[in-house]
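> What follows is a structure written as structure tokens; I'll ask about it next.
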Amino acid sequence: METVRTIFTHTYPYPHEHSRHAVIAVILGCVFFISSDNMHTLVLKLDSNVKWWSMYACLLGFFYFFSSPFIGKTITPSYSNFSRWYVAWILVAALYHLPSFQSMGVDMRMNLSLFLTIFVSSVLFLLVFHFVFIGLWYIGLVARVAGRRPAILTILQNCAVISIACCVFYSHCGNLAIIREKTLEKRHWSWFPRWNKDENFSWLAKFVRVYEFKDQVCKSWFAPVGSASDYPFLSKWVIYGELTCSGGSCAESPDEISPIYSLWATFIGLYIANYVVERSTGWALTHPVSQNESEKLKKKQMKPDFWIWFLGTQVFDLMVSVTLFVGRFDMRMMQAAMSRVEDGAKQDDLLYDQFSEHDELWFDFMADTGDGGNSSYSVARLLAQPFTSGSKQDSLITLPRANLLLIGGSCPPIWYNEEHVAVNKPELPREVPTLKQYDGPQCFLIPGNHDWFDGLQTFMRYICHKSWLGGWFMPQKKSYFALQLPKGWWVFGLDLALHCDIDDYQFKFFSELIKDKVSDCDSVIMTHEPSWLLDWYWNLETGKNISHLIRDHLNGRCKLRIAGDLHHYMRHSYVPLEKPVYVQHLLVNGCGGAFLHPTHVFRDFKYLYGTPYESKASYPSFHDSSRIALGNILKFRKKNWQFDFIGGIIYFILAFSVFPQCKLDHIYTDDTFSGNVKSFLGTIWDIFIYMLGHSYVSPAAVFFLLVAAITFVPSKVSRKRKVMIGVLHVSAHLSAALILMLLLELGIDTCIRHNLLATSGYHTLYEWYRSVESEHFPDRTGLRARIEQWTFGLYPACIKYLMSAFDVPEVMAVTRNNICKNGMDSLSRGGAVIYYASVFLYFWVFSTPIVSLVFGSYLYICINWFHIHFDEAFSSLRIANYKSFTRFHITSKGDLEVFTLAVDKVPKAWKLDPSWDSESKLPHSHSYRRKFPSKWRAVSPQQDPVSTVRIVDHFVVEHTAKPEGASVNGPSCNSGQGLHGKSFMLQLFCAINLQWKIFKQKELHHNCKMRLKLLFYVSISSVAVDQRKVRWMQTSLPVQ
């Protein structure tokens, strides 16, 4: 069997899909035939149909706003595809009842009945075809790819396309009843003066007379093809049922074959031929390419497959992880137990000093990646470049790649591969004996809140138990660490878990490290969460252990705090005062790939530990951040179309109890527009009062929605303001729901008044179909009667109820009339379900754009006026732009130079970088040694991050000044000798410090001689004394 399958199949891939092209062709054909045949009638009747055209505009407007988020999306069996067909069904069912199409000569009822008949026939035929084709694959007569079962929704979509095409072509070409000569009278063309001047050469005249060309196309392409005598016996039986006649033929059988059969057979044949070619031979309707050319083509079409990390796949697992692993079991305790924390700073798995002997060092900081592949890869591409040139004002600054990468939390894990897990870390290259001799880039990470959602299991598996992250080597073994850098700089990576603070084991490790090794050196604290901003915003006080570590142990030696979590860039620097400064600079940069957070919400932050701060830089700027928030009004539904489910249902429940509205005559009585508006608003208020006094469902929905809206307001707002905001929010939604309900009721009532709805019961369309069935679809052999007999009456019943289900407005209008005449109690339970279901189908389409507009406006007002909902307002926009990272440089003088590089717009399309592809790659060469380490580049060079990167902030943190005679890398910073050493100089320092305390306590005013001795000891000592204490003594002790 495998040999047979191999002989009859080809290895050439066939990458093309024609379904989208078929849909486009059908749409263009529909527009061509409808516009060419009825454009002149449309223009002639434009003056007399203003009321109905306005109704058309409202109806089409609502349907457009409902379907706008899905325009341009891929046509796949999904919610997007479902919405297209759902809108098409509901819209056509409403349009064919309006009079404009009928006045233009388009009989929608014939098209609808024909569509449903052809659709059912196409579905049955294609299902049989696919069943037979799968059977051929099973016995090995077609290719392997033929065994992939087609999606049911795809078959239904193709059948709908075929049915629409047949209806349009047949109604405009095959039905001779509506093809007639159309004359144009100039007296109706008052709006077009050019038409009156010269009819023959007017562009409008030529455009309107396109229908003449259409008639020629119909006669030549879609005319009846042949007669029954031209076809074999089997074809005549299939089309006409001639075997049922006596003698083997029927004298009354028509000689010509109806065009509907030829059109339907043509489209079905094209579908079958296309499917067979795709799944069987692999030929692209032309000659197949060779294997080598196919591989080249496939390589050129390759695109990066970004894997986006989601917070969790199941809510239950997330709750269990947070409650059990964080509340009862802390992974940091396990790390401390396994690392023997009692040994203090002697642990090699927490303290790393491989960079301490460098003359200078470059290192990067980035945080919060994984929400979007394009944005994360843009930042990664910049981090990997050997040199990055960023524009700063009018100059261009080139920065080399960093030796060290620090990731501040929420880093998405890569796919698990057993070959990439290192059992005994560090897993250095073979030619490198020790970590200090490794000259490649290294990476250290701290976990963020996303990493702790599973109890740190993923972080431990993919970070601490793995040696490589791309081209970066990861020697890290625990979730927190200390890095000793050149020129007396230290980096402390803290693990805050979900408690916003370090645990006791971390505090013990870092406090002993500061006492034994750090001494008076400068340090950088790296945490995932910027507690200084969040505590100020939420009016909280978290991180007591961190505050104790910074204020009492580092005591002014923390020059910089860096963090992520907030997905923007902000830097606050201290305002120089005489008070002690515990931290000089506060830096937040969480633009590693996640969605954007606003900056203008945090512009009023001023104080930390009693020290005043001012904002020095923000990205995006405060003005841009406020402007971006406007997208909640304009783009909320486009970005969050999933909100349709809950929003449409909530609005329907709010208006459920006030359907239907039977007495609407008073709205039509006033002749002025202002009077109509006043009557409309008065009716809304009366409906609201009635709802509160006579119904149960809607008031209950209002109550629960009010509770949810008040609870939704952030806790930083006072209770009184929370209630006010919640009431205003719910009032806006309730008003919108009632207005939409009344508009829907007015539309139905208008159609009923003009006898467009509720004319002949629930089955209007089916009754009309049966009345014209013999005219349009003659059955001289009685085939339909036999089918009805063979199916026990199911054949006509299915068509009858299918047409009734399609004609939703008729069902809604007939039931509404019954309720208004006999009351709601006369309606059965099934009838009530049918009525409210038909109302919901239309009310859902009308309400979903409005509920998104109201909720988006609420977020915009809250974020810009009250500075609340900063997370909800910007996460809903899903902004992938405004990405950045920070590059640090420890100079040879010991200063810390800080650059923040940013990309304003992230590219969405990538292609294979030809420079990377052409570069030679040795089997055992490291990727960081390549000149072009990034595999993908932007399709447009002008949008590539390497070309558009710029420097948005640049500042320098000066190294702590050392006393004369003290070396930068003296024993206090790099030698490892702590305050408990036995050297004479350290003992001398302790004695001096004790003497200073005695002076301070007794407040001696006659101590000039002792003070001079103290200053002399300091000048000859090589130990760096705290300069702030000396300056205080010089200024506070009086001179006699």
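The values are calculated or read from the model by the stated rules, or taken from the named source; none is laboratory data. Everything quoted here is computed from the prediction, not taken from an experiment. Glycine gets a Cβ as well: all are built from the backbone with ideal geometry, and neighbour counts include every protein chain shown. Note: areas computed on protein heavy atoms with side chains; ligands, DNA, RNA excluded. Shrake-Rupley method; radii C 1.70, N 1.55, O 1.52, S 1.80 Å.
> Right, residue 592: open to solvent by less than 10 Å² (accessible area, probe 1.4 Å) and either in a helix (DSSP H, G or I) or small (Gly, Ala, Ser) (or both) or not?
Values: open to solvent by less than 10 Å² (accessible area, probe 1.4 Å): yes; either in a helix (DSSP H, G or I) or small (Gly, Ala, Ser) (or both): yes.
Yes: the conditions hold for residue 592.
> Only one of 364, 368, 359 is touching a residue at least 12 places away in the same chain (Cβ under 8 Å), assigned to a loop (DSSP other than H, G, I, E, B) and closer than 20 Å to residue 446 by Cβ. Can you tell me which? Can you show your working first?
On the way: 364 fails: assigned to a loop (DSSP other than H, G, I, E, B); 359 fails: closer than 20 Å to residue 446 by Cβ.
Exactly one of 364, 368, 359 is touching a residue at least 12 places away in the same chain (Cβ under 8 Å), assigned to a loop (DSSP other than H, G, I, E, B) and closer than 20 Å to residue 446 by Cβ, namely 368.
> Name every residue in the range 827-855 that is open to solvent by 20 Å² or more (accessible area, probe 1.4 Å), part of a helix (DSSP H, G or I) and of a type in the set (A, V, I, L, M), in order of residue number.
832, 833, 834, 837, 841, 850, 853, 854 - these are the residues of the range 827-855 that are open to solvent by 20 Å² or more (accessible area, probe 1.4 Å), part of a helix (DSSP H, G or I) and of a type in the set (A, V, I, L, M).
> Could you tell me which of the residues 912, 922, 901 is more than 32 Å from the chain's Cα centre (by Cα) and of a type in the set (A, V, I, L, M)? Walk me through how you get there before you give the answer.
Details: 912 fails: more than 32 Å from the chain's Cα centre (by Cα); 901 fails: more than 32 Å from the chain's Cα centre (by Cα).
Testing whether each residue is more than 32 Å from the chain's Cα centre (by Cα) and of a type in the set (A, V, I, L, M) leaves just 922.
> While we're looking at this one, here's another question. Could you please find all residues in the range 460-487 being in a loop (DSSP other than H, G, I, E, B) and at negative phi?
Of everything in the range 460-487, those that are in a loop (DSSP other than H, G, I, E, B) and at negative phi turn out to be 465, 467, 471, 474, 475, 476, 477, 478, 479, 480, 485.
> Related question: Go through the range 660-693 and report how many residues are assigned to a helix (DSSP H, G or I) and either in contact (Cβ under 8 Å) with a residue 24 or more places away in the chain or touching a Cys at 6+ places or on another chain (Cβ under 9 Å) (or both).
8
> Among (1) at pLDDT below 90; (2) open to solvent by less than 50 Å² (accessible area, probe 1.4 Å), where does residue 389 come up short?
It is condition (1) that residue 389 fails.
> Okay, moving on. Hey, among 727, 723, 707, which residue is surrounded by 14 or more Cβ atoms within 10 Å (Cβ to Cβ), without any contact (Cβ under 8 Å) to a residue 24 or more places away in the chain and assigned to a helix (DSSP H, G or I)?
723
> Against the conditions (1) over 22 Å from residue 538 (Cα atoms); (2) over 39 Å from the mean Cα position of the chain (by Cα), where does residue 611 fall short? Just the number, please.
Looking at each condition in turn, residue 611 falls short on (1).
> Ok, one more. Can you find a residue that is open to solvent by 10 Å² or more (accessible area, probe 1.4 Å) and at pLDDT below 90 anywhere in the range 884-906?
For the range 884-906, residues open to solvent by 10 Å² or more (accessible area, probe 1.4 Å) and at pLDDT below 90: absent.
> From the list 863, 879, exactly one residue is under 22 Å from the mean Cα position of the chain (by Cα), farther than 21 Å from residue 726 by Cβ and buried (at least 21 other Cβ atoms within 10 Å of the Cβ). Which is it?
879
> Kindly list the number of the only condition in (1) modelled with pLDDT of 80 or more; (2) within 30 Å of residue 645 (Cα to Cα); (3) open to solvent by 20 Å² or more (accessible area, probe 1.4 Å) that fails for residue 94.
Failing condition for residue 94: (3).
> Please specify each residue of the range 540-589 satisfying the condition of being without any contact (Cβ under 8 Å) to a residue 40 or more places away in the chain, surrounded by fewer than 18 Cβ atoms within 10 Å (Cβ to Cβ) and closer than 26 Å to residue 410 by Cβ.
540, 541
> Please work out which residue is surrounded by the fewest Cβ atoms within 10 Å (Cβ to Cβ), limiting yourself to the range 482-516 and to residues that are within 32 Å of the chain's Cα centre (by Cα) and either of a type in the set (Gly, Ala, Ser) or over 20 Å from residue 528 (Cα atoms) (or both).
Here the answer is 497.
Per-residue answers, yes or no, for (1) surrounded by 19 or more Cβ atoms within 10 Å (Cβ to Cβ); (2) under 24 Å from the mean Cα position of the chain (by Cα); (3) closer than 30 Å to residue 536 by Cα:
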{"position": "654", "(1), (2), (3)": "yes, no, no"}
{"position": "663", "(1), (2), (3)": "no, no, no"}
{"position": "670", "(1), (2), (3)": "no, no, no"}
{"position": "683", "(1), (2), (3)": "yes, no, no"}
{"position": "691", "(1), (2), (3)": "yes, no, no"}
{"position": "694", "(1), (2), (3)": "no, no, no"}
{"position": "715", "(1), (2), (3)": "no, no, yes"}
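> Please go through the range 735-756 and give me each residue that is under 16 Å from residue 812 (Cβ atoms), modelled with pLDDT of 90 or more, hydrophobic (A, V, I, L, M, F, W, C) and crowded, with 19+ Cβ neighbours inside 10 Å, ordered by number.
Correct list: 740, 741, 742, 744, 748.
> Within the range 396-428, can you find the residues that are touching a His at 6+ places or on another chain (Cβ under 7 Å) and modelled with pLDDT of 50 or more?
408, 409, 410
> Considering only residues of the range 777-812 that are part of a loop (DSSP other than H, G, I, E, B) and of a type in the set (Ser, Thr, Tyr), which is modelled with the highest pLDDT?
Per the criteria, the residue is 791.
> Count, please, the residues in the range 617-626 that happen to be part of a loop (DSSP other than H, G, I, E, B) and surrounded by fewer than 18 Cβ atoms within 10 Å (Cβ to Cβ).
1
> Mind listing whichever residues of the range 627-642 are surrounded by fewer than 18 Cβ atoms within 10 Å (Cβ to Cβ) and either among the small types (Gly, Ala, Ser) or modelled with pLDDT under 85 (or both)?
634, 638, 642
> Quick one: residue 698 ticks every box in (1) closer than 29 Å to residue 808 by Cβ; (2) open to solvent by 70 Å² or more (accessible area, probe 1.4 Å); (3) under 34 Å from the mean Cα position of the chain (by Cα) bar one, so which box is it?
(2)
> Give the residue that is farthest from residue 260 (Cα to Cα), with candidates limited to residues of the range 778-804 that are open to solvent by less than 60 Å² (accessible area, probe 1.4 Å) and under 41 Å from the mean Cα position of the chain (by Cα).
Taking the candidates together, the pick is 804.
> Of 519, 479, 467, which residue is farther than 26 Å from residue 902 by Cα, touching a Cys at 6+ places or on another chain (Cβ under 8 Å) and open to solvent by less than 10 Å² (accessible area, probe 1.4 Å)?
479
> Another one. Do we find a residue being over 35 Å from the mean Cα position of the chain (by Cα), of a type in the set (A, V, I, L, M, F, W, C) and assigned to a helix (DSSP H, G or I) anywhere in the range 565-575?
Among the residues of the range 565-575, not one is over 35 Å from the mean Cα position of the chain (by Cα), of a type in the set (A, V, I, L, M, F, W, C) and assigned to a helix (DSSP H, G or I), which makes the answer no.
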